[in-house]
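A short worksheet on the structure shown next.
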Amino acid sequence: MKTKSGGLRKTLPLLLLAAPGLLYFLINNYLPMAGIFIAFKDVNYAKGIFGSDWVGFDNFKFLFQTSDAWIMTRNTLLYNLAFIVLGTMLSILIAILMSELLKSLWSKLFQSGLVLPNLISMVVLSYIVFAFLNADSGFINNSILKPLGIPEINWYSEAKYWPYLLVFIQLWKTAGYGSIVYIAFISGIDKSIYEAAKIDGAGKLKQIRMITLPLLKPTIIILTLMSIGRIFNSDFGLFYQVPMNAGALYSTTQTIDTYVYRALMQVNDIGMSAAAGLYQSVVGFILVMAANAIVKKVNPENALF
Amino acid sequence: MIQTKGERAFHVFSIVAMVMFTLLAFLPFMLIIMASFTEESSLIRNGYSFFPEKMSVDAYVYMWSSASTFVRAYGVSFLVTALGTALGLLITSMLAYPMSRQDFKYRNVLAFIVFFTMLFSGGIVPSYILWTKYFQIKDTLAALIIPNLLTNGFYVLLIRNFYKNNVPVELIESAQIDGASELRIFYRMMLPLSVPVLATVGLFMGLAYWNDWINALYFITKPQYYGIQNMLIRLMNNIQFLKSGQASSMLGANAADLPSTAVRMAMAIIGILPILVVFPFLQKYLTKGIIVGAVKG
């Protein structure tokens, strides 16, 4: 029995159920979207948001005249690039190894090792990193560099080390978690394909190269494209809290997200912050749309829309 | 099944490699645990180490003496996590249910409204001004619960898909014939049926609330509203904070006796303890959620 849609008596209860959620999205997401005009104003709280003077693209002009704009864009893009390339490779490696061991005694323990680092907050992570890196009591200075006779390093004031540190930290936190999708996919592959390959004399490595990886390829492409769609976004906590908000490190730790925060909350420059935020939103939107269009071409089933 | 020599070699290699990866994942946790149990003077001499010269529970004794601070922060975190997750699950599933109904006229409109929030955002500045100037949310508990964390488009679509794929239309129709109202159908039928997906989504929501510190960074200036994460940040920024509390006067301890190096790590342990405790019970749902999320996200 199919009832006809329509009729207020029928739709009203459903609309009422949906109302709280819709109201939330309206306030939390849509009103701020309407507020992007702030990026084109010289905000003056005395005059109010709506009464402040329009300045056209001045905020953007000023923003892109500073070196900040280049540094934060470069950092955001390069870190994401490293995370995507190295993270994907490491996740796939872990997934292949794990798939071999799914029935082993230790598999449960291995799996918790994969997931646990991703469950901790960026604050706790910053404490862990601090335990390794701080100048006085850090593990690396005291237990690794000292015995080797290498002079202590002031990690929190030397920007040049942080690209490597942050990439390592991010991989430590997320690679295992990222491998779970691939593990699920590999365990779904028909075992008889491997049996047939084995009869034909293909060794393990050859099976991985000729069966596992080619079958994973569509998944890899789609997940990578989706990450590229988010390449203008960064994890605020990783770049702000983990380096302890250290000013000396800004040249390698500043991303668009940390810039937006600092301009708004620490420098009190609403115009710059709003301009940087809108820059991120608009480019991000274009990238997501582009990534989706490509996914749709590659594999329509996996497209977002 | 007969194993060739190559297969055995690969199996052994897998075990060795995974043991190493797993050690790599756990060792940092071990370091902070050992550090928190190290005596202050050996910390000052040798730094944080996996093999402390001298062990001690001073840091924990010290924290026990200022327990009220941590109990309060824990209380805020638990309250925010519980309220936020419950409220979030409720409004998320209430919105997802109508969207899953094929006979609901506006389902596509709603789907678009929800979906678009995943593609474009107005950015932090308008959102910050909205919450602080128009909703006066600064220094309230609501600031920790409502902005950004309550629900998101992804959760809504996840639950909608569950309803769509797992609840037969006939079930809803027969309930309607029996005269059940939409509210009753949702409450008595859809909610109980969707416990698996609610558990997964609730787990993600709960983790996000427990681990969140960014809302407080923007909206909270009074430490009494700090949850455990922001308490940790505050302590990291200023170990003096502990010394200045009632703790030192109660202990009669002076600043030199404060095992501050060990206390920092003991604090971090306090911060992850609840997650470590519930983790074994949640792992199953978590893994399931990641897979569903990645396939349909």
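Identify, please: which residue in the range B:201-230 is more than 9 Å from chain A (Cβ to nearest Cβ), in a helix (DSSP H, G or I) and aliphatic (A, V, I, L, M) and is, among those, farthest from B:Tyr62 (Cα to Cα)? By that ranking, first place goes to B:Val201. Residues in the range B:26-53 that are within 8 Å of another protein chain (Cβ to nearest Cβ) and crowded, with 17+ Cβ neighbours inside 10 Å: B:Pro28, B:Phe29, B:Leu31, B:Ile32, B:Ala35, B:Leu43, B:Asn46, B:Gly47, B:Tyr48, B:Ser49. Among the residues of the range B:50-60, are any of a type in the set (Phe, Trp, Tyr), over 30 Å from A:Gly203 (Cα atoms) and more than 27 Å from the chain's Cα centre (by Cα)? For the range B:50-60, residues of a type in the set (Phe, Trp, Tyr), over 30 Å from A:Gly203 (Cα atoms) and more than 27 Å from the chain's Cα centre (by Cα): present. May I ask you to verify whether B:Leu198 is more than 10 Å from every other protein chain (Cβ to nearest Cβ) and either under 25 Å from the mean Cα position of the chain (by Cα) or among the β-branched types (Val, Ile, Thr) (or both)? Considered against the rule, which asks whether it is more than 10 Å from every other protein chain (Cβ to nearest Cβ) and either under 25 Å from the mean Cα position of the chain (by Cα) or among the β-branched types (Val, Ile, Thr) (or both), B:Leu198 comes out as yes.
Picking from B:Leu110, B:Leu149, B:Leu183, which residue would you name as being free of Cβ contacts under 8 Å to residues at least 24 places away in the same chain and closer than 30 Å to A:Ala274 by Cβ? Result of the check over B:Leu110, B:Leu149, B:Leu183: B:Leu110. Residues in the range B:14-25 include at least one that is over 27 Å from A:Tyr194 (Cα atoms), surrounded by 13 or more Cβ atoms within 10 Å (Cβ to Cβ) and of a type outside the set (Val, Ile, Thr).
Go through the residues of the range A:20-33 one by one and say whether even a single one is of a type in the set (S, T, N, Q) and out of contact with any Asp or Glu (no Cβ under 7 Å at 6 or more places or on another chain). Checked the range A:20-33: at least one residue is of a type in the set (S, T, N, Q) and out of contact with any Asp or Glu (no Cβ under 7 Å at 6 or more places or on another chain). For the range B:95-109, the set of residues classified as among the hydrophobic types (A, V, I, L, M, F, W, C) and surrounded by 23 or more Cβ atoms within 10 Å (Cβ to Cβ) consists of B:Leu95, B:Ala96, B:Met99, listed by residue number. For the range B:154-176, does any single residue satisfy the condition of being facing chain A (nearest Cβ under 9 Å), touching a helix residue (DSSP H, G or I) at 6+ places or on another chain (Cβ under 8 Å) and farther than 30 Å from B:Pro274 by Cα? Yes: one or more hits. A:Ile96 - would you say it is in contact with a Leu (Cβ under 7 Å, 6 or more places away or on another chain), of a type in the set (A, V, I, L, M, F, W, C) and more than 7 Å from chain B (Cβ to nearest Cβ)? Answer is no for this residue.
Say we look at the range A:101-110 and pick out the residues that are part of a helix (DSSP H, G or I) and more than 7 Å from chain B (Cβ to nearest Cβ); which of these is nearest to B:Ala216 (Cα to Cα)? Per the criteria, the residue is A:Lys108. Scanning the range B:81-138 for residues that are under 21 Å from B:Tyr155 (Cα atoms) and assigned to a loop (DSSP other than H, G, I, E, B) turns up B:Arg101, B:Gln102, B:Phe104, B:Tyr106, B:Phe120, B:Ser121, B:Gly122, B:Gly123. B:Phe115 falls short on exactly one of the conditions (1) within 11 Å of another protein chain (Cβ to nearest Cβ); (2) over 21 Å from B:Ser194 (Cβ atoms); (3) surrounded by fewer than 21 Cβ atoms within 10 Å (Cβ to Cβ), and that condition is (2). Of the residues making up the range B:254-291, those that are at pLDDT below 80 and under 19 Å from B:Phe37 (Cβ atoms) are B:Asp257, B:Leu258, B:Pro259.
Checking A:Ile228, A:Ile220, A:Ile286 one by one, the residue that is at pLDDT 95 or above, part of a helix (DSSP H, G or I) and over 30 Å from B:Phe219 (Cβ atoms) is A:Ile286 and no other.
So which residues in the range A:246-305 are in contact (Cβ under 8 Å) with a residue 24 or more places away in the chain, among the polar types (S, T, N, Q), touching a helix residue (DSSP H, G or I) at 6+ places or on another chain (Cβ under 7 Å) and buried (at least 21 other Cβ atoms within 10 Å of the Cβ), if there are any at all? A:Thr252, A:Thr253, A:Gln254, A:Thr255, A:Thr258, A:Gln280 - these are the residues of the range A:246-305 that are in contact (Cβ under 8 Å) with a residue 24 or more places away in the chain, among the polar types (S, T, N, Q), touching a helix residue (DSSP H, G or I) at 6+ places or on another chain (Cβ under 7 Å) and buried (at least 21 other Cβ atoms within 10 Å of the Cβ).
Only one of these is of a type in the set (Gly, Ala, Ser), touching a Ser or Thr at 6+ places or on another chain (Cβ under 6 Å) and over 30 Å from B:Glu39 (Cα atoms): A:Ala95, A:Ala184. Name it.
A:Ala95
Filtering the range A:80-120 to residues that are within 14 Å of B:Gln283 (Cβ to Cβ) and either among the small types (Gly, Ala, Ser) or within 20 Å of the chain's Cα centre (by Cα) (or both) leaves A:Ser107, A:Ser112, A:Gly113, A:Leu114, A:Val115, A:Leu116, A:Pro117, A:Asn118, A:Leu119. The helices (runs of 4 or more DSSP H) found entirely in the range A:111-215 that carry 1 or more residues being within 13 Å of another protein chain (Cβ to nearest Cβ) and within 30 Å of A:Thr76 (Cβ to Cβ) are A:122-133, A:162-187.
Taking every residue in the range A:78-96 that is within 16 Å of A:Leu216 (Cβ to Cβ) and pairing it with any residue that is of a type in the set (S, T, N, Q), at least 6 positions away or on another chain, the pairs with Cβ-Cβ distances below 7 Å are A:Ile84/A:Thr224; A:Ile84/A:Ser227; A:Gly87/A:Thr174; A:Thr88/A:Thr224; A:Ser91/A:Ser179; A:Ile94/A:Ser179; A:Ala95/A:Ser179; A:Ile96/A:Thr212. Considering only residues of the range B:54-64 that are surrounded by 18 or more Cβ atoms within 10 Å (Cβ to Cβ) and part of a helix (DSSP H, G or I), which is farthest from the other protein chains (Cβ to nearest Cβ)? Across the range B:54-64, the extreme among qualifying residues is B:Tyr62. Within the set A:Ala274, A:Ala248, the sole residue that is part of a helix (DSSP H, G or I) and closer than 24 Å to B:Leu235 by Cα turns out to be A:Ala248.
The values are calculated or read from the model by the stated rules, or taken from the named source; none is laboratory data. Keep in mind it's a predicted model, so treat the numbers as computed, not measured. Here the Cβ is made from the backbone with ideal geometry for all residues, glycine too, and neighbour counts use every protein chain on show.
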